[in-house]
Amino acid sequence: MTIIVIKPGLLSTVQDLGRFGWQHVGIVPSGAMDTDAHRLANLLVGNGGAEATIEITLRGPELEFEYPTLIAMCGATFDAKCVDAKGKIFPMPLNRPVLVPKTARLRIGDVRHGARAYIAVAGGIPLPLVLGSRSTYLPARFGGHLGRALRTSDRLPLDRASIPLSNARFASLRRRRGTPIDPRAIESVAWSVPIDSLPHADEAPIRFIEGRHWRLFSAAAQTALENEPMRIAPESNRIGYRLHGPRLERRKDVDVLSEPTCLGTIQVPSDGMPIVLMADHQTTGGYAKIGEVASVEIPRLAQRPPGMAVRFLRCSLADAQAARKARQARFAQLVQTIAWEFIK
């Protein structure tokens, strides 16, 4: 029982919530860039939030499902279609549970809104655990599927219980709506979940707290970071988002010792162009740290594609913690709502 990769897309990798407890030996957590969308995809197929999913970036793959499978695709909006065994094409419903028929192909094209989406399957993707996680860490080539991005003809394993789980879970969803399952066609539900991390026209700035080296930077640099838009550079990746904008200069040249870094650290190299460290970031660094992006903002930042403008807003540690607590409360309520749909 496998998922067959017909086309790999631009960058498709297997990710979960990451591997923790190893940064002291140089191994970062990695994991999904947008953990909210990853967790929601899992919840929509009845999994726990930590099961592995397929993270797709900017241009999606084409995947074939050998057997009827309950899947969900959450996050950025992609041009996506499902093609059944007879060649009939169905629009792929996003951000909701979908039962695809036997030998159906999921064709995912270019992104329309956002940057990344996550494909979850009932029962998860049971690849081997590496240091407690199935996440792909591309720089070191381990985890996920052979430590790399997916390629044509790859086969991802499914749990042996995937077929009965898919049928049973979708049967519960449909019984609550009073409609029987039709095994001949793609099936979904009439509701979907909101994806709060996607960019909007009235976008609020990305909040950050002062970094360890905030006072090493000039007043002009501090003001620019808070008030001037930065643009995500094309060379950005899962390690870090490089930003183009005003040059952030220091008050004076002072040597900065290498020290620990974390997800969301805003480093400023000698050229004055900041880098926000993302999921595959290094564990230490010697660049000055002007700020730390609030954890609540990481999913929003992860959904910004190259070329998009980003604004930042300085906040206090207490404000960042309050925002995180409020998000956790909203997410917990959404989890309960989704779980209710699976009750028989």
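Filtered by the rule that a residue be outside any loop (DSSP other than H, G, I, E, B) and of a type in the set (Ser, Thr, Tyr), the range 205-261 gives THR223, TYR241. Selection of first residues in the range 327-344 that are under 18 Å from LEU165 (Cβ atoms) and of second residues that are at pLDDT 95 or above and surrounded by 11 or more Cβ atoms within 10 Å (Cβ to Cβ), restricted to Cβ pairs under 6 Å at least 6 apart or on distinct chains, gives the following pairs, ordered by first then second residue: ILE338/LEU43. Within the range 200-209, the set of residues being surrounded by fewer than 18 Cβ atoms within 10 Å (Cβ to Cβ) and either of a type in the set (Ser, Thr, Tyr) or touching a residue at least 60 places away in the same chain (Cβ under 8 Å) (or both) comprises GLU203, ALA204, PRO205. Take the conditions (1) modelled with pLDDT of 95 or more; (2) surrounded by fewer than 18 Cβ atoms within 10 Å (Cβ to Cβ); (3) of a type in the set (Asp, Glu); GLU297 misses just one of them, which is (2). Residues in the range 19-49 that are farther than 19 Å from TRP340 by Cα and surrounded by fewer than 20 Cβ atoms within 10 Å (Cβ to Cβ): PHE20, GLY21, TRP22, GLN23, HIS24, VAL25, GLY26, ILE27.
Would you check if PRO306 is in contact with a helix residue (DSSP H, G or I) (Cβ under 7 Å, 6 or more places away or on another chain) and either in a loop (DSSP other than H, G, I, E, B) or assigned by TED's automatic domain parsing to the domain that holds GLY264 (or both)? It would help to see each step written out before you state the result.
On the way: in contact with a helix residue (DSSP H, G or I) (Cβ under 7 Å, 6 or more places away or on another chain): no; either in a loop (DSSP other than H, G, I, E, B) or assigned by TED's automatic domain parsing to the domain that holds GLY264 (or both): yes.
No, not satisfied.
Of the set (1) of a type outside the set (Asp, Glu); (2) in a strand (DSSP E or B); (3) more than 17 Å from the chain's Cα centre (by Cα), all apply to GLY87 but (2). Among the residues making up the range 262-284, those that are under 22 Å from the mean Cα position of the chain (by Cα), among the β-branched types (Val, Ile, Thr) and buried (at least 22 other Cβ atoms within 10 Å of the Cβ) are THR265, ILE266, VAL276.
Does ILE6 satisfy the condition of being surrounded by fewer than 20 Cβ atoms within 10 Å (Cβ to Cβ), touching a strand residue (DSSP E or B) at 6+ places or on another chain (Cβ under 9 Å), outside any loop (DSSP other than H, G, I, E, B) and touching a residue at least 60 places away in the same chain (Cβ under 8 Å)? Break it down into steps so the answer makes sense when it comes.
Details: surrounded by fewer than 20 Cβ atoms within 10 Å (Cβ to Cβ): yes; touching a strand residue (DSSP E or B) at 6+ places or on another chain (Cβ under 9 Å): yes; outside any loop (DSSP other than H, G, I, E, B): yes; touching a residue at least 60 places away in the same chain (Cβ under 8 Å): yes.
Against the criterion (surrounded by fewer than 20 Cβ atoms within 10 Å (Cβ to Cβ), touching a strand residue (DSSP E or B) at 6+ places or on another chain (Cβ under 9 Å), outside any loop (DSSP other than H, G, I, E, B) and touching a residue at least 60 places away in the same chain (Cβ under 8 Å)), ILE6 qualifies.
Across the range 273-298, the number of residues qualifying as touching a helix residue (DSSP H, G or I) at 6+ places or on another chain (Cβ under 8 Å), part of a strand (DSSP E or B) and of a type in the set (Val, Ile, Thr) comes to 3.
When SER166 is tested against (1) in a loop (DSSP other than H, G, I, E, B); (2) under 26 Å from LYS7 (Cα atoms); (3) among the small types (Gly, Ala, Ser), just one condition goes unmet, and that condition is (1). Mind counting the residues in the range 82-132 that are under 17 Å from ARG155 (Cβ atoms), in contact with a Leu (Cβ under 8 Å, 6 or more places away or on another chain) and surrounded by fewer than 20 Cβ atoms within 10 Å (Cβ to Cβ)? Going through the range 82-132 one residue at a time, the tally reaches 3.
Residue by residue, here is whether (1) assigned to a strand (DSSP E or B); (2) of a type outside the set (Val, Ile, Thr) holds:
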| residue | (1), (2) |
| --- | --- |
| GLY18 | no, yes |
| PRO29 | no, yes |
| HIS38 | no, yes |
| GLY48 | no, yes |
| LEU63 | yes, yes |
| TYR67 | no, yes |
| THR77 | yes, no |
| LYS81 | yes, yes |
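The values are calculated or read from the model by the stated rules, or taken from the named source; none is laboratory data. Every value quoted in this text rests on a predicted model; they were computed, and no experiment measured them. We place every Cβ from the backbone using ideal geometry, glycine too, and count neighbours over all the protein chains shown.
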